[in-house]
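Only the coordinates and a few stated rules stand behind these numbers; no lab work does. Predicted model, so just to flag it, every value in this text is computed and none were measured. Because the Cβ atoms are built from the backbone with ideal geometry, glycine has one as well, and the counts that use them run over all protein chains shown.
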């Protein structure tokens, strides 16, 4: 699938590929393969520069922020790399009640989050559709959270319909690795051992009404070039079948986890590799949101924001009750322990615009429509204004004095450049109106 023998004479082809990406065209698999095989350091600098330009052409300078909320670490699978696996006899197990989930969600809303990713271990009795549906409804009714996404076990089409009807914006599920022998060696027990069933989870989700789905591989389970190529091929198949592909691609790296038995070194993905992966995702599928989790250290995450990433979690905990106390067994170790406020300040310091926006999911800009707007470089207009508006609300309600002054300077600069009535909308927020968006 991937040519590892690429040499200097192909630099004209690489530049042709970058030109296609800069015109916001989805790359074919031959072009993806060329990027994966590239070894020339100087050309990689050009690739990184192009990825940054593509991200800014599609989304502007905004970086979306969110947090995961872990509902359950009870799981019927035995994935060797995960702290939740059934074989981890030392795990402290917990499934939040709906009231406990509301308590954590309310705490996060008080810190300024408006978008949460609900994460549940794959346990059909403890965290099935009835439980998730009930919990989603309670959080929407009783907190200021405006959009919930869900990372949970693959479902039937009918259960996906119920999940979508509950108001969930994005269904997220990772194949982990597309390399079948490796997949089978890591997933020997439980429903997750069914490779084909997981492979077609996104088809069922889309058939169940989801237009926004989140995909990814767990980098480090197999050769990252192989898995990245396979994931992009999967995305292209969805685009060909449904007219749109994933809303987001996540780039998690294999990390230490309590009770895990995976070899962390065999297919180790370095920080430099991760930069290449983020750039390749951005160039191959220009409209996709590239998501960086708190698995990664702070400095590397900051670098990735300049290489095409467009969404980032902040202040994350990876265990049930993790935000209220020490929590129970976590899924993996956190690499970036900065708070939401610290990450917001850093993003602003990098010349980007922190965004807590949730508008597209609620305004019908999803699926094929979102892709059209993104590929026409129009979605960035929505993103920019909604980032400013959501940040204004954050400054008014949540920011501490030091960060507030930093963000006010950013907002004043943006208002001074605006000609579309932004100042009037900001005044409405400062007068007490909430959730102003376009």
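Summary table
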quantity	calculated
Förster-model FRET efficiency, 35 Å R0, residue 40 and residue 185, C-beta, rounded to 0.05	0.55
Percent of beta bridges antiparallel (DSSP, the chain, rounded to nearest 5)	5
Modelled FRET efficiency - R0 22 Å, residue 53 with residue 420, Cβ distances, 0.05 increments	0.40
Radius of gyration and maximum dimension Dmax of the stretch 291-406, Cα, Å	15.9, 46
Whole-Å semi-axes of the stretch 138-296's equivalent ellipsoid (Cα gyration tensor)	25, 18, 17
Computed over the chain: relative contact order in percent, which uses C-alpha pairs under 8 Å that are six or more apart	21
Projected label distance in nm at residue 402 and residue 157, using a 7 Å step from Cα toward the beta-carbon	5.5
The stretch 24-79: equivalent-ellipsoid semi-axes (sqrt of 5 x gyration tensor eigenvalues, Cα, Å)	33, 20, 12
Within a Gaussian network of the chain (alpha carbon springs, distance under 10 Å), most fluctuating of 148, 350, 407	350
Spacing of the two label points (7 Å from each Cα toward its C-beta) at residue 265 and residue 141, in nm	5.3
Extension gain from residue 413 to residue 207, taking 0.36 nm per residue of separation minus the Cα-Cα distance	69.7 nm
Per-peptide average of other Cβ atoms within 10 Å, ordering 268-279, 246-257 highest first	246-257, 268-279
Calculated FRET efficiency for the pair residue 24/residue 134, C-beta based, R₀ 41 Å, to 0.05	0.50
Counting all C-alpha pairs of the stretch 113-170, share separated by more than 12 Å (%)	63
